[in-house]
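Structure first, then comments.
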Number of protein chains: 2
Amino acid sequence: MISLDLTADVATLTRDLVDIPSESGDEARIADAVEAALQGCAHLAVERVGNSVVARTVPRAPAGSRAGGTRTDRHERVVVAGHLDTVPAAGNLPSTTDGDRVHGLGACDMKGGVAVALRLAATVTAPVRDITYVFYECEEVEGDRNGLRRIAAERPDLLEAGLAILMEPSDAGIEAGCQGVLTADITVRGERAHTARPWKGVNAAHRAARVLQRLADHTAERVVIDGLEYRESLSAVAVRAGVAGNVVPDECVVTVNHRFAPSRSPAEAEAYIRSLFPEYAVDVTEAVPGALPGLGREAVASLVRALAVTPRPKLGWTDVARFAGLGTPAVNYGPGDPALAHTAGEYVPVAQLRECETRLGDWLTAPTPAPVFDDRT
Amino acid sequence: MISLDLTADVATLTRDLVDIPSESGDEARIADAVEAALQGCAHLAVERVGNSVVARTVPRAPAGSRAGGTRTDRHERVVVAGHLDTVPAAGNLPSTTDGDRVHGLGACDMKGGVAVALRLAATVTAPVRDITYVFYECEEVEGDRNGLRRIAAERPDLLEAGLAILMEPSDAGIEAGCQGVLTADITVRGERAHTARPWKGVNAAHRAARVLQRLADHTAERVVIDGLEYRESLSAVAVRAGVAGNVVPDECVVTVNHRFAPSRSPAEAEAYIRSLFPEYAVDVTEAVPGALPGLGREAVASLVRALAVTPRPKLGWTDVARFAGLGTPAVNYGPGDPALAHTAGEYVPVAQLRECETRLGDWLTAPTPAPVFDDRT
């Protein structure tokens, strides 16, 4: 098994994580390594759910309580979470570095954030608030495979907290809320024929030109919420046609991915996509709501104050929305430029890795004048 | 193993063949059944090459010759050939019939023709010309998997003949020559990005709209040779794009299939396709020449006279071109409307099955006034 050294520098740890390939569905090796490393931390209780790993600071028993009791004088618990998987490689493995940046698959999205969380897990042995570290599988694929979804379904107790921090890349700032995601298959029909006589059929791939051109010509909306601008988008992410090398295809499926502002519901997003392609069969395969930025919630506002950053809108969907669905305030805060996520040239600045580790470590260990989570229910 | 009854009516035999699924690459079962049935014919020498089966009438030793000699008083040999494979099923299995037509996958292309050849192999025990029956695999896919190509490479002696008759569907008429085939991948490039920020990349699938629209708008040429009109064509047969559900794809590959008149060389066809798509990477994966109709060759002309039919141009590529490459005159002559090949509703008329069996059987058994193959070299 690959061994991770949590006493190493956060940049070295990021490279070590990048160098363990972990495309969605193939996280066993990296989860084994993370689990083994965390088992070495005496102040953490470690559990495994599939290829996700959860490590919690053990509550201190208050003076006079029975040994083994679950009460604690830490009046709050915070989740610090990151996903272990990446999109497929694009010639960007293994990792490289020039000292200032770590380059490689997932460096930005989001092994840099995972490295920060692992460093905090290993070094913050006496936090002022209890911490639940969650390292999970299958974030980059369909929602029903998402490791956080599975934990919420099988072990909801593990996710109980007053605030969740997703260490998704946000340029070491706070990105608030997130956009919703809708995925749909647009099917263009035709009629099969032998390619020696294509005029006897109807070529569905030729017809799909109109769908793709409409996507190319589409201009997405921009929606302002709490002063933050959410820029929507609509992209073809897959095109599939083909029966055999000498057959005019009778079907061409264009899969589209739509990001919509958190003020819009999945049903509204679906109606919008259907209105764009009224003459085709539209099959919605996934539609998940976003999360409103919620800057007015005290749990979020206090973290924003403590980190002294100006919130920005999160355009991509993140599991912030999953915590929002559980009623838990959540933000994105992590190293790396989110615009580099899923690009072949993605990297994470070493300075941001260090900044996130330091500032979040300070917040987790500094005494708080007043309870952070005064709106916790 | 499935058993074929060669004493059954040709329509029944066609249904039996349709009901043995044999998509290209999966011909073992049908080849086993054909081989076993032919082994039961004492006048045939049967050999197997991969999943292709060759059965030859055994040359009669002339009076006074040594037993086992290879000389024969039949002064000519003709190949009767058909492929055993089909394109993928399209909800058209098992076979059905209304008495006048046999419906089902491959009924037209070309299990009807195979049934006629199998009936002739079983019943024509004393032909006036030696016959080589060839039932072969993988005609519907890339040329390098073609069973006839493999026989020509490994056992060229098995294909020696003065004339070849391909029992491809030709409406029980003679279709002369065939068009060439070119297959090419047209690759449209883009740049990956996260779908939450597609404006950071370039969507290759959106860009492919131009390629598909150009194909939709394309008008192919018509070329007249020996009085026969060859109508060319150009079709997308596959479109492939897709990296992951949340990644803007950086590549979209459109595979095109081009049928070109036999007067054009593969190199000319390639130059033509490149001229249509000058701004894209064009990778030619297959380019095979057609075959000129060759109506002036005596071997072809004599068969045309014997069957009393008017030749038509063959638009699809058939292995006629392979025999043309070996220097052997060849024609398409078989039951079924070629326009129905590869359509979900393909069928073969029972009357054409019977007509082909009778007329070809008569030609194979009737004494010929003069040698048919006076231009054989």
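The values are calculated or read from the model by the stated rules, or taken from the named source; none is laboratory data. Keep in mind the model is a prediction, meaning the values are calculated, not measured. Backbone-built Cβ (ideal geometry, glycine too); neighbour counts: all protein chains shown. Calculation scope for accessible area: heavy atoms of the full protein, side chains included, ligands and nucleic acids excluded. Shrake-Rupley method; radii C 1.70, N 1.55, O 1.52, S 1.80 Å.
The table below gives the values:
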{"read-out": "Restricting region A:152-162 to residues that are of a type in the set (A, V, I, L, M, F, W, C) and surrounded by fewer than 24 Cβ atoms within 10 Å (Cβ to Cβ), the residue that is farthest from the other protein chains (Cβ to nearest Cβ)", "value": "A:Leu158"}
{"read-out": "Single residue of B:Ala269, B:Ala299, B:Ala287 found to be open to solvent by less than 10 Å² (accessible area, probe 1.4 Å), touching a Pro at 6+ places or on another chain (Cβ under 7 Å) and not acidic (Asp, Glu)", "value": "B:Ala299"}
{"read-out": "Qualifying residue in region B:28-37 (condition: in contact with a Ser or Thr (Cβ under 6 Å, 6 or more places away or on another chain) and either under 15 Å from B:Arg119 (Cα atoms) or in contact (Cβ under 8 Å) with a residue 60 or more places away in the chain (or both))", "value": "no"}
{"read-out": "Pairs, first under 14 Å from A:Cys252 (Cα atoms) in region B:239-258, second acidic (Asp, Glu), C-beta under 8 Å, six or more apart", "value": "B:Ala241/B:Glu251; B:Val253/B:Asp185; B:Val254/B:Asp185; B:Thr255/B:Asp185"}
{"read-out": "Any hit, region B:191-207, residues being on the phi > 0 side of the Ramachandran plot and within 7 Å of chain A (Cβ to nearest Cβ)", "value": "no"}
{"read-out": "Members of region B:219-245 that are open to solvent by 20 Å² or more (accessible area, probe 1.4 Å) and in a loop (DSSP other than H, G, I, E, B)", "value": "B:Thr219, B:Ala220, B:Glu221, B:Asp226, B:Gly227, B:Val243, B:Ala244, B:Gly245"}
{"read-out": "Leading residue by the ranking (farthest from B:Gly190 (Cα to Cα)) among those in region B:246-275 that are within 7 Å of another protein chain (Cβ to nearest Cβ) and outside any strand (DSSP E or B)", "value": "B:Asn246"}
{"read-out": "Residues that are more than 17 Å from the chain's Cα centre (by Cα), within 21 Å of B:Glu139 (Cα to Cα) and either surrounded by fewer than 19 Cβ atoms within 10 Å (Cβ to Cβ) or of a type in the set (Asp, Glu) (or both), drawn from region B:27-43", "value": "B:Ala28, B:Arg29, B:Asp32, B:Glu35"}
{"read-out": "Selected residue (criterion: farthest from the other protein chains (Cβ to nearest Cβ)) from residues of region A:208-226 that are in contact (Cβ under 8 Å) with a residue 60 or more places away in the chain and not hydrophobic (A, V, I, L, M, F, W, C)", "value": "A:Asp226"}
{"read-out": "Conditions (1) open to solvent by 30 Å² or more (accessible area, probe 1.4 Å); (2) in the same structural domain as B:Asp171 (by TED's automatic domain parsing); number of the one not met by B:Lys314", "value": "(1)"}
{"read-out": "Considering residues of region A:311-327 that are at pLDDT 90 or above and away from chain B (no Cβ under 14 Å) only, the residue farthest from A:Thr86 (Cα to Cα)", "value": "A:Pro311"}
{"read-out": "Any hit, region B:342-354, residues being away from chain A (no Cβ under 14 Å), at pLDDT 90 or above, open to solvent by 30 Å² or more (accessible area, probe 1.4 Å) and touching a Cys at 6+ places or on another chain (Cβ under 9 Å)", "value": "yes"}
{"read-out": "Of all residues in region B:87-107 being in a loop (DSSP other than H, G, I, E, B) and among the polar types (S, T, N, Q), the one that is farthest from B:Ala351 (Cα to Cα)", "value": "B:Asn92"}
{"read-out": "Single residue of region A:179-218 satisfying the filter (under 17 Å from A:Val239 (Cα atoms) and part of a strand (DSSP E or B)) that is most open to solvent (accessible area, probe 1.4 Å)", "value": "A:Arg189"}
{"read-out": "Search result, residues across region B:108-127 that are open to solvent by 10 Å² or more (accessible area, probe 1.4 Å), aliphatic (A, V, I, L, M) and in a helix (DSSP H, G or I)", "value": "B:Ala122"}
{"read-out": "Subset tally (residues that are among the charged types (D, E, K, R) and assigned to a loop (DSSP other than H, G, I, E, B)) for region B:299-345", "value": "3"}
{"read-out": "Top-ranked residue in region A:227-244 [being modelled with pLDDT under 95 and within 9 Å of chain B (Cβ to nearest Cβ); ranked as farthest from the chain's Cα centre (by Cα)]", "value": "A:Ala244"}
